[in-house]
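Data first, discussion second: the structure below is written as structure tokens.
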Amino acid sequence: TRNWTHRFLPGHDSVPLDLTFSPDGRRMVSGSDDLFVWDTKSWQQLASYDLPNHDISCIRFSPDCNDLIVSDAVALRVWRAASFEEIADREERLGRWK
């Protein structure tokens, strides 16, 4: 049998629309109108980001844990996962995401 633990992670003003765990299991990212990064060992919030007024539809890590890909109603954004700095905003760079 498994021993499950219930966690309450404060921060979101609304129900998270997606969440993902990093492939190495060290981080979890949840998102709705904000993006929250959690340490899975301590369950402390590592970072939070206000996003444009578009609900997040999908959050995924790259297999090497270096990038975080976030999609919403108007954009596909790629974040450098190690520092969580936004490295590409495809709707501007490619000029086709509107």
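Taking all protein chains as present, what is the carbon and sulfur share of the accessible area of the range 1-85, in % to the nearest whole number, probe 1.4 Å? Using a 1.4 Å probe with all protein chains present, the range 1-85 comes out at 50 percent carbon and sulfur.
Residues whose amide H lies under 5 Å from that of residue 17, counting only those 5 or more places away or on a different chain, are 31, 32; hydrogens are built 1.01 Å from N in the peptide plane.
The values are calculated or read from the model by the stated rules, or taken from the named source; none is laboratory data. All values reported here derive from a predicted model rather than from experimental measurement. We work out accessible area using only protein heavy atoms, side chains counted, and drop any ligands, DNA or RNA first. Shrake-Rupley method; radii C 1.70, N 1.55, O 1.52, S 1.80 Å.
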